[in-house]
Amino acid sequence: MNKEAKSAVLPPPVDQDAHYWHFLLNKGGKISKFPHEGSFHPSRANAASETLAYPVPDKVFERLKELCRQSDYGLYMFVLAAVQYAMFRYTRDEYITIGMPRFLENRQEENRTPILLVQTQAMLTSAPKDLISLTKAAIQEAVKHDRISLRSLGDMAGIEYDASGKSVIDTVVSLDAIHGTRHRDFVSSISEFAFHTTGGHLEIHASFMPEAYAQETIARIVAHIVRTITYFTEQPAASLSEFEIVTEEEKAFLMAAGTPNPGSRHTLVEQFEHIAEQYAEHTALRFQTNQWTYRELVQQSDRMASHLAEQGVRPGQIVGILLSRSESLLFAILGVLRLGAAYLPIDPALPRERIAYMLEDSKASSVITQTRHLSVLEGIGAISVNIDGLDEAVPNFTRRTSLSEADLAYLIYTSGSTGNPKGVMISHGALSSFIAGISAKLALTAGRSIAALTTVSFDISILELLVPLAKGMNVVLADEEQQRDARKLNRFLSDNDVDIVQMTPSRLHLLLNGGAAEGLQSVKELLVGGEAVTKELVERMKPYPHIQLYNMYGPTEATIWITAKPIKHAGDLMLGDFYDEVIVQVRDSDLQLAPVGVVGELCIGGPTLAQGYLGKEELTGSKFVADPLREGEIIYRTGDLAKKNVNGEIEFLGRADYQVKVNGYRIELGEIEARMLEHPNLTNACVIHKQTKASSSLICFAVTDGHVDKSEMALFLSERLPSYMIPSDFVVLSHIPLTPNGKVDRHALDKIPLAEDGVSVPPQTDIQKKLVAIWKQVLDVNEVGINHNFFQLGGHSVNMIQLEVEMENQHLSIPIRLVYERRTIQEIAEWMEDHPEGAAEIADADYDWVDHRDQASEGTLLFHEEQETIAANILPYNDYFYKSCFYNSLFPVINHHLQSVLPFLVNETQALFQKKSDTVLWRPVQYHSAIEEVEMLRQLGISAQSDGKVDFVCDKIMDDLRNKRLPIIWIDTFYSSIRQDTYQKLHWPHSILIFGANEKKRLFYVIEHTYRESLSYRQRAMPFEDVEQAYRSYAACYADGNDDYFSYSLDFTPAAPTIAQMRHTYLTNVRNHAETIERGIVHIDLCAEAVGLYLPESAQHSEESQYLLETFNEIYNVKLIQSFIAQSLLSPLEYEQLSMPVLLEKWMAIRNLTAKSFFSKRISEKKLKHCIQLLQEIKDEESRIHDMIGKLQLN
């Protein structure tokens, strides 16, 4: 018996095993993986894998066997520990969790998983021998608690499933002698490292999914595993922090640095003075209608420097500059620099408290300002130098101070983690190095122009204001309004014919949204940086092929920009080559080189580094650190995440601060944003992490150029990201808020109140008050805030038609589609204020209604601990209203157990209008089941129990939840609850699904739904008292002798019906009811007669008109279901030939025309004829599609 198997003992009872795994996985989160490439999704893990064999050097294998003989560690423990440590060096995760197959000697029982999980904290170990010891203990614990099913273990670990239903384990490590291959019958692994001992040799057989990893990536990972094993065998007691996982060849590649550029450089002041002599009469500055030559600029800076000297300013001091945007701003900066002092730029728009802090912290000797800003400086110690009324006479000023590279050029404040900003000290030497570097990348030549748009407190403004003056260019300065207003900025660029423009991606989005065609016509180079440049932004620049777009990168601490890369296409978004002598490398947390493809921290070295943070020695020491790979050199830790590819290019991945943990999973917010921007209707997106005492969630804010609803976005992301990375809420904004520096203002986003939080912002303006009154009437709710989302309040496309009518009655006019884009009253009112002309009339034929469906988040594992019981994977079936209220509570139960409701839908065939007496409006849709509902559930493995009136309903619910049964109960909506805005006006029968409870807080967790043309599920908490009241009220108002309490559980896991089997069922059902379906199609003529009779007189026939609207609404939902079934079961060619979307559009048009007639109490003769004509076309389409389906092959 091998040493691993000896550790196995008789397992404890199952509940103890479940508790062990629950505790372990709740602590350690996800299963670990080597980073995937591309947008691989686990559902595709059943694709054919590749396997490559790699030898472990024989001398290493011999040493391994010797160590095994000398210790009580088995071979598997050594190699698993090595893989875990290599994984740690790739991910830096606190917990490393890897799949381990069951040992061959252990019995395979039905309730035992074929694969276990081994978890260690590699980061806490100091030497290889410690990690091997931890790994041994972890293996023993896993084997000890192996009496758990794969399904249960998968639910706890958040394991996804591939298309064949197998569990997907990211990483598996096996040893052929003790594990075999049986686990592969039950589990798909994205990568498996199988160690084989054959003929006295050790090989690693690496099996992997090609969609997840390239062959060269796997080869590199295996090389690192072998290098780790080698280190473990040679240095078992050595420090792991000293271990370099990269090979010497990789190290040379990863250490690449800029070309040395020996020799002294002239300071910016010296370069400016030289250029001013050479180009004295050339234009240096333009502002509004005025301009100044280089000669005049020197004179004005002389005047400023002389005045400062008279006020006692001396070389080496720090001088604050608090001025509005005008020519005086540049005069002041040059005057300070030529005097030999350093300048501190202060944006007047900053809060007074921040300005006071900057002046006090910097110990500025004086502040250059204007009369309009003097009040801001009251009570602040620095001397104010008011330039208003300054003597226009130009003194004779000669710069006497010789500046050295070590002298401070400017002090600029950036945000700090403590809440106070920190002052970054940039020397003249660093600034000169930057000028030399940027000049080698960009055509900064005499006579060219550059727009100065950026606030002076953002360091990139130096490239716009000062660097051009060292090159003979002319600066075109924008004022405050031109800087901030997209339309005025557009006009500014158009009027001034500038060559170079610089801005952040967020500001460029804003400019493009405002219509930038005219303003960008003269621009030749557009420098974009300060935030990650996205593919979507590059795509939006395609209409401007004459502009060379540059991807700029650089932190303030490394002097403005350190790279400038021309962007050739949307996929070309790597950081560019760095400047001379600048070092840019990706390091891990120990400042060792991160391997190719591995995310690490971007670190910078070289002559452009700042001198540190003023007065913050400890912070400086933590960010500007000794470089362990370059003796005697300093390297700056940027806090930015990046990785280097095989071509030597560096990919920027966002801030490390934007790497968050949600439910144990480490998540890069930038990755979610990048995937979101692949959606064709999104123009900008930002994801934030909301953390409260009770929960941790991701919220996405997006700007769209078309309708994108919550469920659509969730579905879109689910195909690209694992479920734990999908935001729980999507908020559509007209624009993403920006800081004064033009970057995304994440603090402002975090403060945006979400309607789901129950925070209601009252109306302030007359327009907002009118809109609130209209929404209350249309949505039939009591509470509406200007921040509430129209759709989250129960709105839908039929409501939108009513909304349009009511707004017209109030003489308010907007394009009704705007409600899809701006979903709150606050945003709609802002649009109306910006567009007082209102909206042009939109013809009914142009309506493009899209169903809105909310996406509810998943629950957690079913467990009972600390008085809380919650069911796992409660993901509602989020589609169209189906058949009855009760079915839409049942579908999440089916989804919970089967991950699909398609078998249940396929069981039924729908037929239209079955005539009774003289009307077809009696029942617009009839459902014909192949087998009874209870039998269908039984075949799917779900048992159903039902009861009549239950006396103690809360106790009954708790009993069912503890026994893993999910209750559905009928309730009356007339009850007092936290959602009383919706349910307080009327009695109405309703059903809810209860998926969890907190006994201590006396709350049930329920899924409820509302519907119009679409289904909207929502998870929420409901007090025990409300449930009791609502259930009793239903019994009192609607009891008819039928059962009103139901509970469901999974008796067994059935083999899911195949697509072929469901296709056979579907087509057979259609043929069995062909006569009924055909009869309904014929009766469409009678429906057309009802339209002609009731719609023209809808005021007199209100009840009949409403019935027509409900009829067409129900039919439209049925057609959506039928289209979903056909698309799921038929081939793409068959579905295309049916042309179901055409039929859907026509039923939707009928529904919309009827709705507008009902709400406005009128319909024109033209529209009535159009409606009747559409019904005739629908009849023909229905007949054609039915005939085609009847001719399809059953298999």
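Read-outs: derived from the displayed coordinates by stated rules, not from any lab. What you see is a predicted model, and the numbers here were worked out from it, not measured in a lab. We place every Cβ from the backbone using ideal geometry, glycine too, and count neighbours over all the protein chains shown.
For the reader, a short list of remarks on this structure follows.
- Span per principal axis, largest first, for the Cα atoms of region 172-222 (Å): 30, 27, 11
- Within the shell of other residues whose beta carbon sits under 13 angstrom from the beta carbon of Leu738, the net charge comes to +1, with Lys and Arg scored +1 and Asp and Glu -1.
- Globularity index of region 3-250 is 0.95 (Cα radius of gyration / 2.2 N^0.38 Å, N = number of residues).
- Within a straight-line Cα-Cα reach of under 21 Å, Lys422 can be paired with the following lysines, leaving aside sequence neighbours fewer than 8 residues apart in one chain: Lys363, Lys616, Lys623, Lys743.
- Where only alpha carbons of region 591-686 are counted, the Rg and the Dmax (Å): 16.4, 52
- Cross-link reach list, lysines versus Lys33, counting only Cα pairs under 21 Å and skipping chain neighbours closer than eight places: Lys136, Lys166, Lys643, Lys644, Lys661
- Local net charge near Tyr550, Cβ-Cβ under 10 Å (Lys/Arg +1, Asp/Glu -1): +1
- Cα-Cα separations in region 1150-1195 greater than 14 Å, expressed as whole percent: 61
- Listed by Cβ neighbour count within 10 Å, with the fewest neighbours leading, Tyr20, Tyr1116 appear as Tyr20, Tyr1116.
- Only alpha carbons enter this Debye calculation for region 1059-1190, each as an equal point scatterer, and the log10 of I(q)/I(0) it gives at q = 0.09, 0.21 Å⁻¹ is -0.30, -1.20.
- Near Ser32, once Lys and Arg are set to +1 and Asp and Glu to -1 for all other residues with Cβ below 9 Å from its Cβ, the sum equals 0.
- Geometric descriptor of region 509-627, per residue, is 145 Å³ (volume of the convex hull of the Cα atoms).
- Solvent-free Debye scattering, log10 I(q)/I(0), computed from the Cα coordinates of region 539-604 at q = 0.13 Å⁻¹: -0.47
- Taking other C-beta atoms within 10 Å as the exposure proxy, Ser365, Ser433, Ser164 rank Ser164, Ser365, Ser433 from fewest upward.
- Residue order for Ile562, Ile1189, fewest other beta carbons within 10 angstrom first, comes to Ile1189, Ile562.
- Theoretical FRET efficiency, 1/(1+(r/R0)^6), r = Cβ-Cβ of Lys769 and Lys949, R0 51 Å, to 0.05: 0.65
- Within straight-line reach of Lys1179, meaning a Cα separation under 23 Å, sit the following lysines at least 8 residues removed in sequence or on another chain: Lys883, Lys915, Lys916, Lys1119, Lys1146, Lys1156, Lys1166, Lys1167, Lys1169, Lys1191.
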